Amino acid sequence: VRFPEDLEDDNTTFNPEYSHQVFGDDEVAFGYKGLKILLYYIAVFRIEYTSKVNEKFDCVEADDVESKIREIIPPGFCTNTDDFVSLLEKEVNFKPFGMLLHTYSVHNEEAGEDITYQIYKADMTCPGFREYHERLQTFLMWFIETASFIDVDDERWNYFLVFEKYNKDGATLFATVGYMTVYNYYVYPDKTRPRVSQMLILPPFQGEGHGAQLLETVHRYYMSSPAVLDITAEDPSENYVKLRDFVLVKLCQDLLCFSPGKLMQGFSQEMVMEAQQKLKINKQHTRRVYEILRLRATDMGDAEQSRSYRLDVKRRLIGPYKKKQRELAKMRRCLRPEELTNQLNQIDLNMQHEQLEESFQQLVSDYRRVLERLAQA
């Protein structure tokens, strides 16, 4: 909500993807008819919500929806719409927290103009940021399936925030677009390994490239530190992996070790070293970057080039299957004949080949989407 009229505008409304962490695995609030829970957010994250119908039926009490919401929302919110609207007037005083890292623009077709966005790095020493973050993190419960609140008293956390700049009556205001939390792990003897923990771009801003801008900005921030070994992510989602592929390929494509001639010679230690030293990318992620860029350099219509690429990627993908074969060799020495037959039935080589080919085709499909996006960037 930026203006009072937004309260009645369906275009400013979006629904949660998940509610199981509040209402249980079935995502059901029992005992209501026509129930609506409305959470209104502004840049300072005061919250107003309403619910309909709370009555006893056949001696069974309805769920206490209000108390469930209160469990994840910090104190200080209002439940009266008039009070909420009055708070909008104070929004002009809100300013982003921390240090400005990056400014960029996105063209908005509907508005017919470029809109400016800024990315900041903040921490708990910034005045007011702790209270702001308490409200900001409530979004995680609605949009990340396994979300949990972090220990903000741990000084190893870094916070990166995206804001939109907009004007109202001649004043410059800021609206929250999304954010990322990163934990700095210690690596013996004198390094750190930043690990992305949570990342969320709010639904009204998704599909506009803000996630890529945020991740690239965070990478560039850590790249400048000689104390950082490499950057990883905690339990990354499929969408995050695709986003990371795009950002890392964009960063790596101009490195000399990824020139077309060297790509066709195969994955090398030179690629691993240069990607880690210059861009803080680990070996596993560097390998994916290599496979994506080699696909771009490969003429898949040429039988020999296509075969060479396919075999190169499958040599990596076959790792888990080779592990099964080693386990099978051990079984031959240890198991009785009837036990061995049972295990052999579970390791169907034809099925393994089919799964390997399926994995390869899916990977190539994902890689092509990364290259298509890169071509449009």
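The values are calculated or read from the model by the stated rules, or taken from the named source; none is laboratory data. Not measured: the values here are computed from a predicted model. Glycine gets a Cβ as well: all are built from the backbone with ideal geometry, and neighbour counts include every protein chain shown. The area values use the complete protein model at the heavy-atom level, side chains included, leaving out ligands, DNA and RNA. Shrake-Rupley method; radii C 1.70, N 1.55, O 1.52, S 1.80 Å.
Residues checked against (1) open to solvent by less than 30 Å² (accessible area, probe 1.4 Å); (2) outside the structural domain of GLY211 (by the TED database); (3) part of a helix (DSSP H, G or I):
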{"residue": "LEU100", "(1), (2), (3)": "no, no, no"}
{"residue": "GLU110", "(1), (2), (3)": "no, no, no"}
{"residue": "TYR120", "(1), (2), (3)": "yes, no, no"}
{"residue": "HIS133", "(1), (2), (3)": "yes, no, yes"}
{"residue": "TRP142", "(1), (2), (3)": "yes, no, yes"}
{"residue": "GLU155", "(1), (2), (3)": "no, no, no"}
{"residue": "ASN158", "(1), (2), (3)": "yes, no, no"}
{"residue": "GLY178", "(1), (2), (3)": "yes, no, no"}
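Taking first residues from segment 295-313 that are without any contact (Cβ under 8 Å) to a residue 60 or more places away in the chain and partners that are aromatic (Phe, Trp, Tyr), the Cβ contacts under 7 Å between residues at least 6 apart in sequence or on separate chains come to THR298/TYR309; ARG310/PHE360; VAL313/PHE360. On the stretch given as segment 221-258, residues that are out of contact with any helix residue (DSSP H, G or I) (no Cβ under 8 Å at 6 or more places or on another chain), touching a residue at least 12 places away in the same chain (Cβ under 8 Å) and within 21 Å of TYR117 (Cβ to Cβ) total 3. The test for being under 17 Å from ARG135 (Cβ atoms), modelled with pLDDT under 80, open to solvent by 60 Å² or more (accessible area, probe 1.4 Å) and out of contact with any helix residue (DSSP H, G or I) (no Cβ under 9 Å at 6 or more places or on another chain) does not hold for LYS52. Cβ-Cβ distance below 6 Å, separation of 6 or more or different chains: which pairs start in segment 66-85 with a residue that is under 13 Å from TYR40 (Cα atoms) and end on one that is modelled with pLDDT of 80 or more and β-branched (Val, Ile, Thr)? From residues that are under 13 Å from TYR40 (Cα atoms), the pairs are ILE73/THR138.
Look at TYR40 and say whether it is assigned by the TED database to the domain that holds ARG135, surrounded by 17 or more Cβ atoms within 10 Å (Cβ to Cβ) and modelled with pLDDT of 80 or more. Criteria not met by TYR40.
Hey, among the residues in segment 66-80 that are in a helix (DSSP H, G or I) and modelled with pLDDT of 80 or more, which one's most open to solvent (accessible area, probe 1.4 Å)? Outline the logic, then answer.
Keep residues of segment 66-80 that are in a helix (DSSP H, G or I), which gives 66-70.
Next, from what is left, pick out any that are modelled with pLDDT of 80 or more: 67-70.
Values: SER67: 45, LYS68: 59, ILE69: 1, ARG70: 114 Å².
In this case the residue turns out to be ARG70.
A quick yes/no check of all residues on (1) over 27 Å from LEU38 (Cβ atoms); (2) modelled with pLDDT of 90 or more:
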{"site": "SER86", "(1), (2)": "no, no"}
{"site": "LYS90", "(1), (2)": "no, no"}
{"site": "GLU134", "(1), (2)": "no, yes"}
{"site": "PHE143", "(1), (2)": "no, no"}
{"site": "TRP157", "(1), (2)": "yes, yes"}
{"site": "THR192", "(1), (2)": "yes, yes"}
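Of all residues in segment 3-26, those satisfying the criterion of being open to solvent by less than 40 Å² (accessible area, probe 1.4 Å) and over 18 Å from SER67 (Cα atoms) are ASP6, LEU7.
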